[in-house]
Amino acid sequence: MSARLTILASGSSGNCAYLETDSTRLLIDAGLSARQIRQRLLGIGRTPENLSGILITHEHSDHVQGLGVLAARLQIPIFCNRLTKEAIELQFKSRFEFRLFSTGASFEIDEVLVDTFSVPHDAYDPVGFLIRTSAGNIGFLTDLGHATKLVIERVRASHVLVLEANHDVKMLQDDTRRPWSTKQRILSRHGHLSNDAAAQVAEQIVSAELRHLYLGHLSSDCNRPELAQRVVSESLGRMGATHVCVEATSPDVPCETLRL
Ligand SMILES: [Zn+2]
Ligand SMILES: [Zn+2]
């Protein structure tokens, strides 16, 4: 059994990843326009028509904006918790096919097992995922203000992890375009993880099994891919964890497909 993961986009403007095993094809978040999602799937020889489902972390538009057209028209099941469902229904007029889970519960989609866990972020009931396939486990940990003990425990079994590295704290503080209140929100315990915070999470979860670490949700104004990558790589390097491939994601260009 094999699994293939493609980060189609990650960043403040849109988040969407595609995971497929021999029998299951999933999107994790749908935060691009439906047209963009279709184009990026076509770029890897796939189409939205045969998706098994879409997992949603939370209702912010950079995670759900493609649902209106994509999920409603094609009747693709949306997997989310109840509060996220209600928030999605407020944003869209469309009729969706929801499959609800309780935060903290695990459920199966075909041969894939999905663990869900709560993350601290300013949404109704935001979650992270650990998706278990027979080829390996993929963790999704973006949009969180800080990493709780629970979060660290739940993604520790990852072979591949998508981890938020949103901003460089100094670049954010020096940014003249963002009002103070926005900066406070981003920096708060329910905002977004900085590069340094991501490095600390990486240090805590790294194991011999962790192979690939994607840095996600990079701010386009208050971060740079090479900076985020250096901060996290150096901190793993200091621990001797040089076996982990650290890769920054982009909102504009999909990452190369990773085979597990
Ligand atoms: Zn987001
Ligand atoms: Zn968010």
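Any read-out appearing in this document is the output of simple, stated calculations on the displayed coordinates, not a laboratory observation. Since the model is a prediction, treat every value here as computed from it, not as a measurement. All Cβ positions, glycine included, derive from the backbone under ideal geometry; neighbour counts span all protein chains shown.
Specify which residue in the list Ile28, Gly145, Ser106 is farthest towards the positive end of the charge dipole of region 1-160, using unit charges on the beta carbon of Lys, Arg (+1) and Asp, Glu (-1), about the Cα centre.
About the Cα centre, the residue reaching furthest to the positive side is Ile28.
Might you report the magnitude of the Cβ-based charge dipole of region 196-251 about its Cα centre, with Lys and Arg at +1 and Asp and Glu at -1, to the nearest 20 debye?
The dipole magnitude comes to about 80 debye.
How high is the FRET efficiency between Asp122 and Leu74 when r is their beta carbon distance and R₀ equals 35 Å, given to the nearest 0.05?
0.70
How do the peptides 24-35, 218-229 rank, highest first, by the average count of neighbouring beta carbon atoms within 10 Å per residue?
In descending order of packing, they fall as 24-35, 218-229.
Under the classification rounded if a/c is under 1.5, otherwise prolate if a/b is larger than b/c and oblate if not, where does region 84-147 fall, given a ≥ b ≥ c as square roots of the Cα gyration tensor eigenvalues?
Oblate.
Using 0.36 nm times the number of residues separating Asp22 and Leu187, minus their current alpha carbon distance, what extension gain do you get? Intermediate values should be presented prior to the final figure.
On the way: separation 165, 0.36 × 165 = 59.40 nm, distance 4.05 nm.
In short, 55.4 nm is gained.
What is the sum of charges around Glu97, taking Lys and Arg as +1, Asp and Glu as -1, for the other residues whose C-beta is under 14 Å from the C-beta of Glu97?
+3
Select from Gln91, Ser134, Cys222 the residue farthest towards the positive end of the dipole of the chain; place +1 on Cβ of Lys and Arg, -1 on Cβ of Asp and Glu, and compute about the Cα centre.
Of the listed residues, the answer is Gln91.
Counting residues in region 53-194 as N, plug N into 2.2 N^0.38 Å and put the Cα Rg over that result.
Ratio of Cα Rg to 2.2 N^0.38 Å: 1.11.
Among rounded, prolate and oblate, which fits region 186-228 when a ≥ b ≥ c are the square roots of the eigenvalues of its C-alpha gyration tensor, a/c under 1.5 means rounded, and a/b larger than b/c means prolate?
Since a/c reaches 1.5 but b/c is at least a/b, the shape of region 186-228 is classed as oblate.
Would you calculate, for the chain, the mean residue ellipticity at 222 nm contributed by helices, counting each DSSP H stretch of 4 or more residues as -39,500 (n - 2.57) and dividing by all residues, to the nearest 500?
It comes out at -8500 deg cm²/dmol, rounded to the nearest 500.
Taking K and R as +1 and D and E as -1, what net charge do the other residues with C-beta under 14 Å from the C-beta of Val69 add up to?
Overall, the nearby charge balance is +4.
Can you tally the net charge around Ser23? Count Lys and Arg as +1, Asp and Glu as -1, for every other residue whose Cβ sits under 15 Å from the Cβ of Ser23.
Net charge in that neighbourhood comes out at -1.
What trypsin sites (Lys or Arg not before Pro) does region 82-155 have in DSSP loop regions with at most 12 other beta carbons within 10 Å?
Lys93, Arg95
Bin all alpha-carbon pair distances of the chain at 5 Å intervals from 0 and give each bin's fraction as a whole percent.
The percentages, shortest bin first, are 1, 6, 14, 19, 21, 18, 12, 6, 2, 0, 0.
Let me know the charge dipole size of region 49-179 about its Cα centre in debye, to the nearest 20, where only the beta-carbon of Lys, Arg (+1) and Asp, Glu (-1) is charged.
Values: 13 positive and 18 negative charges, 22 e Å.
Roughly 100 debye for region 49-179.
With +1 on each Lys and Arg Cβ and -1 on each Asp and Glu Cβ, and nothing else charged, work out how big the dipole of the chain is about its Cα centre, in Debye to the nearest 20.
Dipole of the chain, to the nearest 20 debye: 280 debye.
Obtain the nm distance between the two label points defined at Thr257 and Ser106 by a simple spin-label model: each point lies 7 Å from its Cα along the Cα-to-C-beta direction.
That separation, rounded to one decimal, is 2.8 nm.
Label Cys245 and Glu226 with points 7 Å out from Cα along Cα→Cβ: what is the distance between them in nm?
Between Cys245 and Glu226, the label points sit 2.1 nm apart.
With the Cα gyration tensor of region 49-132 giving a ≥ b ≥ c as the square roots of its eigenvalues, does the rule (a/c under 1.5 for rounded; else a/b larger than b/c for prolate; else oblate) give rounded, prolate or oblate?
Since a/c reaches 1.5 but b/c is at least a/b, the shape of region 49-132 is classed as oblate.
How far is it, in nm, from the label point at Ser94 to the one at Arg178 when both lie 7 Å from their Cα along the line to the Cβ?
3.0 nm
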